[in-house]
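First up is the structure itself, then whatever we jot down about it.
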């Protein structure tokens, strides 16, 4: 974090290399967050660039006493994703490749049966996630994928802390119930 704050301070003083370093450091995580929320590589790329550009142009708006830089960037990214979804009139987003974004560690020599089981579990999870209300899905992604605290989720989703907590809890309960139902249906 100290390195990030130093880069921010240097960028505020006009050091363009610091802006490039901030961009490079956060680009992949912002892209993955956008891709997870939008489910489309082209949209995610555009949103990631837009969010990072906005953050760098408006770096003086960042207040380190209010949140971490990553939380501030995630807030901007989630907002840009919501805007993109509204423009496309999407009621939900696809998470078809969510688990394939570098989150899995591949077995060096998986057996065909293991591959089939993993793919089936992934598909079941993705189908269950898609059935969730978008606000619950967003809260779960921010908590379990991006690793945010409940306070950070509340800030990013612009809701009270108890609402963020209940969205994560309710989303988890609904996801668990859907997965149990899927397991019992087999």
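Do we find that residue 149 is over 18 Å from the mean Cα position of the chain (by Cα) and modelled with pLDDT of 90 or more in this structure? So residue 149 does not fit the description; no. Residues of segment 26-49 that are under 29 Å from residue 14 (Cβ atoms) and crowded, with 18+ Cβ neighbours inside 10 Å: 26, 30, 31, 33, 34, 47, 48.
Being modelled with pLDDT of 90 or more and either assigned to a helix (DSSP H, G or I) or not assigned by TED's automatic domain parsing to the domain that holds residue 150 (or both) is a property that does not hold for residue 83.
Of all residues in segment 134-157, those satisfying the criterion of being free of Cβ contacts under 8 Å to residues at least 24 places away in the same chain and part of a loop (DSSP other than H, G, I, E, B) are 147, 149. Residue 98 versus (1) within 16 Å of residue 30 (Cα to Cα); (2) at pLDDT 80 or above: which is the lone unmet condition? Of the numbered conditions (1) within 16 Å of residue 30 (Cα to Cα); (2) at pLDDT 80 or above, the odd one out for residue 98 is (2).
The values are calculated or read from the model by the stated rules, or taken from the named source; none is laboratory data. Bear in mind that the values here come from a model prediction, so they are computed numbers and not experimental data. Cβ coordinates were reconstructed from backbone atoms using ideal geometry, including for glycine residues, and neighbour counts include every protein chain displayed.
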